[in-house]
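The values are calculated or read from the model by the stated rules, or taken from the named source; none is laboratory data. All of these numbers come straight from a predicted model, not from anything done at the bench. Every residue, glycine as well, gets a Cβ built from its backbone with ideal geometry; the counts of neighbours run over all protein chains shown. All accessible areas refer to the heavy atoms of the entire protein, side chains included, with ligands and DNA or RNA removed. Shrake-Rupley method; radii C 1.70, N 1.55, O 1.52, S 1.80 Å.
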Amino acid sequence: MIRAIVVDDSAYNRVTLSKMLESGGDVRVVATAVNGEDAIKQALRYKPDVLTLDLEMPVLDGFAFLRWLMVNRPTPVIVVSSRASDRSVFKALEFGAVDFIVKPGGRVSPKLEEIQDELLAKVRQVLNITLDNVKKRIYEEEQRKPEEPRPPITGPQSVDLVAIGSSTGGPPALQQLFELTPLLPVPFIVAQHMPPIFTRLFAERVDRLSAYRVKEAEDGETLQPGTVYIAPGGFQCEVYRSFDELHARVLERQKSDLYAPSVNRLFTTASDACGSRLLAVVLTGMGDDGAQGVRKVFERGGQTIAESPSTAIIFGMPGEAIKTGSVREVLPLPQIPAAIHRICTST
């Protein structure tokens, strides 16, 4: 039985979220809290396995509570917040939240029950989370000093494209990766499992924080060196070559698609377009998306990297990719930027 605490300043939301969680039969809501201060008391008293957390609350908000929790009693947190907090979600992920869900229809909405299946699925995922890696990531981020801007690296490249796939725990990992990777004259394209709208907001955030130009991918656009393209949430993103240029293709999601964007689909089409001149990287995430794509990249002579269990928040995706025997290097996250630089600049 998974023991949960619901933290939300709305009585309606607390009752509704509690009913939704307990509907699955394997989750028990041991307490609720009306704000961050109350949540501290309940967390100390009940020692839950997971908390759902609203960010906008009186007295002590969700961010302050997250900071306290990760220092004093590290526990998986899933943010359940309104669209008004879109940009704040990424800040919460940096503070230690492991995932998020958007409240449909605003802070208090009769549509809240629409997220029941997604909420239960993500709460069940917490059993696979490595909290020590969450704490390690937060500590390393706090200790890391801002680096001086580095000039672009020019010269011959052995890679035409770097494709990256990630899911749970991915946004902070991607942010760190692009902050640490020297500016390379190759395009990057990313499939991160994330809802619509948030991929654009995430791209805008990383664009401000890294030396790379970061944007949401658009259908038909040419992939430019030194630019990171984030696959739009809720769509499929592919890569194709035309007149020796690489382009993005953005397609509507089909009912049969398990993931949108799909890492497998991105890697497979990128491999068709680039052959041996592709580098594919699998970061933290639940499930096995990317494993088939990594095998295709490897078979065509491309380079492949997977994040090691020493830093992955959830080792599902990188672990499944490694099981294929098609991953050439398994590295902790802080070492992946240097590996990308080495592979891209080797001749």
*Can you give me the relative contact order of segment 298-347 as a percent, contacts being Cα pairs under 8 Å and 6 or more apart?*
42
_Net charge of Cβ neighbours under 13 Å - reference residue 41; Lys, Arg +1; Asp, Glu -1_ = +1
_Distance between modelled label sites at residue 244 and residue 221, nm, 7 Å Cα→Cβ extension_ = 2.4
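Please compute the net charge surrounding residue 316, taking Lys and Arg as +1 and Asp and Glu as -1 over other residues with Cβ under 15 Å from its Cβ.
-2
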*In degrees, nearest ten, helix 170-180 long axis to first principal axis of the chain (Cα)*: 50
*Pair residue 91, residue 45: separation of 7 Å Cα→Cβ label points (nm)*: 2.9
_Can you give me the angle between helix 131-143 and the longest principal axis of the chain, using Cα atoms only, in degrees from 0 to 90, rounded to the nearest 10?_
70
*So what's the back-of-envelope 222 nm ellipticity for the chain, counting only DSSP H runs of four-plus at -39500 (n - 2.57) apiece and dividing by all residues, rounded to 500?*
-11000 deg cm²/dmol
*What is the list of residues in segment 41-64 whose amide nitrogen lies under 12 Å from a point 7 angstrom out from the Cα of residue 71, following Cα to Cβ?*
64
_Gained length - residue 272 relative to residue 341, 0.36 nm times residue gap less alpha-carbon distance_ = 22.6 nm
*asked:* Accessible area per residue for the chain in Å², computed with a 1.4 Å probe and the full protein assembly in place, what is it?
replied: 41
*If we count every other residue with Cβ under 14 angstrom of residue 207's Cβ, Lys/Arg +1 and Asp/Glu -1, where does the sum land?*
+3
*Approximate spin-label separation residue 328-residue 310, in nm, with each point projected 7 Å along Cα-to-Cβ*: 2.1
*asked:* Taking amide H atoms as placed 1.01 Å from N in the peptide plane, list the residues 5 or more away in sequence, or in a different chain, whose amide H sits under 5 Å from that of residue 161.
replied: 279
*Relative to the longest principal axis of the chain, what angle (0 to 90°, nearest 10) does the C-alpha long axis of helix 336-345 take?*
20
*Tell me, what is the percent relative contact order of the chain, built from C-alpha pairs under 8 Å that lie six or more residues apart?*
13
*Amide H to amide H under 5 Å from residue 103: which residues, 5+ apart in sequence or cross-chain, H placed 1.01 Å off N in plane?*
81, 82, 83
*Of the residues 170, 226, 325, which exhibits the maximal mean-square fluctuation in a Gaussian network model of the chain defined by a 10 Å Cα contact cut-off?*
325
*Roughly to the nearest percent, how much of the accessible area of the chain is carbon and sulfur, given a 1.4 Å probe?*
50
_Karplus-derived 3J(HN,Hα), 6.51/-1.76/1.60, for each residue of segment 46-62, Hz, glycine and proline x_ = 9, 6, x, 7, 7, 10, 9, 9, 7, 8, 9, 9, x, 6, 9, 7, x
*In Hz, Karplus ³J(HN,Hα) per residue of segment 6-16 (6.51, -1.76, 1.60; θ = phi - 60°; x = Gly, Pro)*: 9, 10, 6, 7, 8, 4, 4, 5, 4, 5, 5
*the chain: antiparallel DSSP beta bridges as a percent of all, rounded to 5*: 20
*asked:* Taking amide H atoms as placed 1.01 Å from N in the peptide plane, list the residues 5 or more away in sequence, or in a different chain, whose amide H sits under 5 Å from that of residue 33.
replied: 6, 7, 8
*Just tell me the longest site-free run in the chain, where the sites are GluC sites (Glu not before Pro) in a DSSP loop having at most 15 other beta-carbon atoms within 10 Å.*
222-347
